[in-house]
Structures are given as C-alpha cells and as structure tokens.
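Enquirer: Structure in structure tokens, see below.
The values are calculated or read from the model by the stated rules, or taken from the named source; none is laboratory data. Note that the structure is a prediction, hence the values are computed from the model and not measured. Quick reminder, even Gly has a Cβ in these numbers, built from the backbone with ideal geometry, and neighbours come from all protein chains shown.
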Amino acid sequence: MTSPHSPKQNHVLAVLPDVDYARLLPDLELIAMPLGWAVYESGGHMGFVYFPTTSIVSLLYVMENGSSAEIAVTGNEGMVGISLFMGGESTPSRAVVQSAGNGYRLKASVLKREFALGGNLQHLALRFTQALITQMAQTAVCNRHHTLDQQLCRWLLVSMDRLDGEELVMTQELIANMLGVRREGVTEAAGKLQQDGLIRYSRGHIRIVDRAKLERRVCECYAVVKREYDRLLPYRIPGVTVP
C-alpha cells in the first residue's frame, strides 16, 4: 500500500483544518478492508474508529437465530465506531465490509484525546452521527412500508454514492442478507430493474445503466437521507443528485 492512498480520500478527514489533520496524521493507520471482514462484532470491545476511503461498511443487526438485516451503510463520507465517542465501548450491531477497499483506523485513545479537546473532529463526528441516525430510522420505515423493488433501488443508490464509479461487486445472496429478505425476492427485483434498463447484473457485478431512471423509481427514503447528510456535513458527494 503506497502513495495513491491518502486519509483525505475520507471526507471527514479531508475537511479537517490543517492543524487538526496534522495532529491526527501520525496516528492514522492505513489498512486493507476485505469483503466480508467483520470490523467489529456485536457486543465486542472496540479498540479503533475506522475511516473508510475506498470501502463500504454495512451495520447489521443480528438476531439470535443468525438472521440479519442492514440498518445503515457507511463509506468515505463518514466513520465506523461511533460508540467510542457516544459513551460506550461496544454496540449490539455488527459491522461488516460490504465492498472491499481500504480505510484508515485511529486508536480509541487518540479519538478520546481529540474529543477532550472539543475541537473540529468532535464537531464533525457528532454531525455525522446525527445523519447516521436519520439513515437508520429511514431504513426501518422503508423496510416496513415500501416494496422490495424500491428498497433495492435505495440500497443501490446509497451504495453507489459511496464508491468511485458505477459498478458494485455484490452477490444476490449478500444483498438479500443486507435487506433481510429471501434471495428469490432479490433475484426477481433485480431482474425487473435490468429488464427496464436501469441496471446491468452479471456474475456478482452490478452496474447502474440509467441513474436518472433509478432515482425516479426509488422511494422517498433515499432523498430524505441524502438531504440530511448534505445539510449536516460540510461536503457533497461529487456527481450525486437528489430527486
């Protein structure tokens, strides 16, 4: 891992003032985040906060019988491990890498030092947390009231917003696990989107063919969450529009 990687590929780190960024830089450790890696487990001790750069992490709630459903997604717009600065050292959810890539991690002790200073990182982290809570709440509403087709559109747009490019590597089985539905349902929904010319799906590779049509097809939940992220955080994801 060499020069092409930079902490400033993460938008939170990128907007920090120079003095704050310089203070953090020696403690930011570049790591690979492979597909399926559990960043943290339910109830486990959290020793780091993570800043994804080219990866996407899904926050999952896992039931006693092993079934799970995604409650939020985090990529280069934010961080993973908010429990460390929200008053706890663990969380009942599970964080798993949904799209492989890289990121930077910061020791919990360094994060707490920054929060004790009450500066810019604290301000950004708390605003990100408010946006994340909005995403979690809207996901719960979406899963209850909207069709699987609409949920899949929302999930694809949210994921693509956090990637460079228009292709996502993800099997239908993994998507089903994220949405908490049967694989057959995802197969049918993805087939409809492909038939209507919105996406192209082949051997685990999903490419958006017509983003404008996908945004018209998605339920209101995508726009609600997107606007809240734009309102709370001092950056915008390039090339992304809100319907």
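Enquirer: Say whether the condition of being at pLDDT 95 or above and either at positive phi or surrounded by 13 or more Cβ atoms within 10 Å (Cβ to Cβ) (or both) is met by at least one residue in region 88-103.
Expert: yes
Enquirer: Please enumerate the residues belonging to region 46-70 that are over 16 Å from Ser99 (Cα atoms) and touching a helix residue (DSSP H, G or I) at 6+ places or on another chain (Cβ under 9 Å).
Expert: Met46, Gly47, Phe48, Val49, Ser67, Ser68, Ala69
Enquirer: Can you pull out the residues in region 153-210 that are surrounded by 14 or more Cβ atoms within 10 Å (Cβ to Cβ) and among the hydroxyl-bearing types (Ser, Thr, Tyr)?
Expert: Listed by number, the residues that qualify are Ser159, Thr171, Thr187, Tyr201.
Enquirer: Applying the selection to region 67-81, what residues are surrounded by 15 or more Cβ atoms within 10 Å (Cβ to Cβ) and at pLDDT below 90?
Expert: Selection gives Ser68, Ala69, Glu70, Ile71.
Enquirer: Right, something else. Could you tell me whether any residue of region 30-47 is more than 13 Å from the chain's Cα centre (by Cα) and among the aromatic types (Phe, Trp, Tyr)?
Expert: Within region 30-47 (the criterion being more than 13 Å from the chain's Cα centre (by Cα) and among the aromatic types (Phe, Trp, Tyr)), the answer is yes, since at least one residue qualifies.
Residue-by-condition table, conditions (1) in a helix (DSSP H, G or I); (2) in contact with a strand residue (DSSP E or B) (Cβ under 7 Å, 6 or more places away or on another chain); (3) surrounded by 15 or more Cβ atoms within 10 Å (Cβ to Cβ); (4) touching a residue at least 60 places away in the same chain (Cβ under 8 Å):
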position: Pro4; (1), (2), (3), (4): no, no, no, no
position: Leu13; (1), (2), (3), (4): yes, yes, yes, yes
position: Leu16; (1), (2), (3), (4): no, no, yes, yes
position: Asp20; (1), (2), (3), (4): yes, no, yes, yes
position: Leu25; (1), (2), (3), (4): yes, no, no, no
position: Leu30; (1), (2), (3), (4): no, yes, no, yes
position: Ser42; (1), (2), (3), (4): no, yes, yes, no
position: Val57; (1), (2), (3), (4): no, yes, yes, no
position: Leu60; (1), (2), (3), (4): no, yes, yes, yes
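Enquirer: Something else now. Got a sec? Which helices (runs of 4 or more DSSP H) wholly within region 64-171 have at least 1 residues that are of a type in the set (Lys, Arg) and not assigned by TED's automatic domain parsing to the domain that holds His45?
Expert: Filter on region 64-171 gives 120-145, 148-161.
Enquirer: Which residue pairs have Cβ atoms closer than 7 Å, lie 6 or more positions apart in sequence or on different chains, and pair a first residue in region 174-185 that is without any contact (Cβ under 8 Å) to a residue 40 or more places away in the chain with a second residue that is in a loop (DSSP other than H, G, I, E, B) and surrounded by fewer than 20 Cβ atoms within 10 Å (Cβ to Cβ)?
Expert: Ala176/Arg182
Enquirer: Looking at (1) within 26 Å of Val141 (Cβ to Cβ); (2) at pLDDT below 95; (3) surrounded by 22 or more Cβ atoms within 10 Å (Cβ to Cβ), which is the one condition that is false for Pro52?
Expert: That leaves (2) as the condition not met.
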